Amino acid sequence: MIEPTGAVPEAPPAPAVPVTLLVWIDAEEAILVRWNGQARIERIASDVPPHHESTGHLRYDPLIRHGGGGLAQDRVERDRFGHLRAYLTEVAERIRPDEDVEILGPGTVREELARILRDADLRHGRQRTVVTTASRPLSERQLVARLRDRMGEPPPRQRPRRVG
């Protein structure tokens, strides 16, 4: 929306959320970043098989009967979802109930993890903040800087070296 003065408003600031844990997740890996005076990083690899790739255009022989052999596509996807559910459960178990969480990631896996955490909180009568944000892959240093910023912890500053 353009302001009446013609100036374009700035992007809204990141929500002021009391985050104590930052999780970057996709179907291949989860990175958990905690801050307790210094960064603690935990990586969790997944065994979720990739999406079944399309094989392109197939020509069928009209003399061969269709519909036999091989795995059905829906069975392969069901197996993938089973692995994904187990992976997300493992990640959720590593998140303490007292931690406020921001979950970052490029796809819908982050939303599913947030749903698992919120459902567990509801079942156990707990209250905590769980926020999700779409994000491209971030390096460990970028994740640590983001968490420090969320916690109000200023980054360490160094004076530039003198040249000469």
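The values are calculated or read from the model by the stated rules, or taken from the named source; none is laboratory data. Nothing here was measured: the structure is a model prediction, and the numbers come from that model. So basically every Cβ, Gly included, is an ideal-geometry build from the backbone, and we count neighbours across all protein chains shown.
Of the residues 147, 113, which single one is assigned to a helix (DSSP H, G or I), surrounded by 12 or more Cβ atoms within 10 Å (Cβ to Cβ) and modelled with pLDDT of 95 or more? So that I can check it myself, show each step before the final result.
Working: 147 fails: modelled with pLDDT of 95 or more.
Going through 147, 113 in turn, the sole match is 113.
Which members of region 119-128 meet the condition of being surrounded by fewer than 14 Cβ atoms within 10 Å (Cβ to Cβ) and either of a type outside the set (Gly, Ala, Ser) or in a strand (DSSP E or B) (or both)?
If we filter region 119-128 for residues that are surrounded by fewer than 14 Cβ atoms within 10 Å (Cβ to Cβ), which is where we start, we get 119, 122-127.
Passing the criteria: 119, 122, 123, 124, 126, 127.
Is there any pair with a first residue in region 79-90 that is aliphatic (A, V, I, L, M) and a second that is in a helix (DSSP H, G or I) whose Cβ atoms are under 7 Å apart and which are 6 or more apart or on different chains, and what are they?
Hits for this filter: 88/112; 88/113; 88/116.
Return the residues of region 110-126 that are within 12 Å of residue 89 (Cα to Cα) and touching a residue at least 60 places away in the same chain (Cβ under 8 Å); say none if nothing qualifies.
Residue satisfying the conditions is 113 alone.
What is the residue count in region 80-96 for residues that are more than 17 Å from residue 47 (Cα to Cα) and either in a helix (DSSP H, G or I) or in contact with a helix residue (DSSP H, G or I) (Cβ under 7 Å, 6 or more places away or on another chain) (or both)?
1
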